[in-house]
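**Student:** Would you mind keeping the following structure in view while I ask a few things?
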Amino acid sequence: MEEKEISQAVIGRLPRYFRYLGELKDEGVERISSQDLSGLMKVTASQIRQDFNNFGGFGQQGYGYNVEYLYNEIGRILGLDRQHNYVIVGAGNLGRALGNYINFERRGFILCGMFDQKPELVGMEVRGVRVMAMEEMESFIRDNDIDIAVLTIPKAGALSVAERLAQTGIRAIWNFAHVDLNVPERIQVENVHLSDSLMKLSYNINRYTKEQETL
């Protein structure tokens with residue numbers, strides 16, 4: 001049976017559902033209606049039901065959603081029921097900050113290695129993980145069942161490093177370099193442009209300021 005194609009907009013909302021449901025579970029909430037979840041998340045109840053119907057629904061009329069069950073099911077859909085090994089390529093400030101973020105590990109993302117071309121960074125440790133020379137990258141990835149490479153290097157070197165990563169059998173790249181990568185379709189790429197997010201925030205500040213000035 002052919003798997004149903006799910007829109008990226010729906011997929012983009014799943015981590016938010018997972019996060020809110022996790023908080024509800026931790027608070028001891030056993031079940032919740034789409035209307036109550038709507039009030040928390042500022043997503044319409046209709047949208048919530050439509051999103052969940054893409055995966056079979058999960059709820060019962062008049063009962064709502066079992067919080068723990070729904071939390072676990074969304075985690076499974078997101079692939080969080082299995083471990084993902086990852087490496088960070090680029091041990092500068094951003095790379096080290098990501099390496100120190102322990103919430104990734106709580107979600108099953110295990111930092112296995114870090115790499116950098118600067119001799120002064122090689123040998124440094126981040127939460128017990130040693131920074132290795134770039135020459136060791138390919139063999140380490142192949143030998144350690146690495147799923148994901150996190151790319152935190154400058155734009156100039158990102159394309160050539162991505163080509164090297166593609167030869168290792170890596171399955172995904174979390175790309176913080178400000179450049180579009182040319183990799184095979186089998187490699188999933190998630191681009192993160194921090195400055196874009198900041199500019200969006202700037203726009204919203206500017207719009208709000210103008211609205212207040214017209215009142």
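The values are calculated or read from the model by the stated rules, or taken from the named source; none is laboratory data. Quick caveat, the model's predicted, so the values are computed rather than measured. Quick reminder, even Gly has a Cβ in these numbers, built from the backbone with ideal geometry, and neighbours come from all protein chains shown. All accessible areas refer to the heavy atoms of the entire protein, side chains included, with ligands and DNA or RNA removed. Shrake-Rupley method; radii C 1.70, N 1.55, O 1.52, S 1.80 Å.
**Student:** Ignoring ligands, DNA and RNA, please state the percent of accessible area on the chain from carbon and sulfur, probe 1.4 Å.
**Tutor:** That fraction is 48 percent.
**Student:** Show that you can apply the helix-only estimate: for the chain, add -39,500 (n - 2.57) for every DSSP H stretch of four or more residues, divide by all residues, and state [θ] at 222 nm to the nearest 500.
**Tutor:** That comes out to -13500 deg cm²/dmol.
**Student:** Relative to the Cα centre, what is the charge dipole magnitude of the stretch 16-130, using +1 at the beta carbon of each Lys and Arg, -1 at the beta carbon of each Asp and Glu, and rounding to the nearest 20 debye?
**Tutor:** Around 240 debye, computed over the stretch 16-130.
**Student:** For Lys200, which lysines qualify as cross-link partners when the Cα separation must be under 23 Å and same-chain residues fewer than eight apart are set aside?
**Tutor:** Hits, sequence-local ones excluded: Lys42, Lys155, Lys210.
**Student:** Just the accessible area per residue of the stretch 106-179, please: how many Å² with a 1.4 Å probe?
**Tutor:** On a per-residue basis, the stretch 106-179 sits at 52 Å².
**Student:** Taking +1 at the Cβ of each Lys and Arg and -1 at the Cβ of each Asp and Glu, which of Gly108, Asn144, Ala158 sits farthest along the dipole of the stretch 93-189 towards its positive end, judged by Cα position relative to the Cα centre?
**Tutor:** Checked the options; the winner is Gly108.
**Student:** Rounded to the nearest 20 debye, what is the charge dipole size of the stretch 90-215 about its Cα centre when +1 sits on each Lys and Arg Cβ and -1 on each Asp and Glu Cβ?
**Tutor:** For this selection, approximately 320 debye.
**Student:** Based on Cβ point charges of +1 for Lys and Arg and -1 for Asp and Glu, what charge dipole magnitude is obtained for the stretch 81-145 about its Cα centre, in debye rounded to the nearest 20?
**Tutor:** The dipole magnitude comes to about 320 debye.
**Student:** Also: Helix check for the chain. Which DSSP H runs span at least 18 Å along their own axis by Cα, with a mean Kyte-Doolittle hydropathy no less than -1.0?
**Tutor:** 8-26
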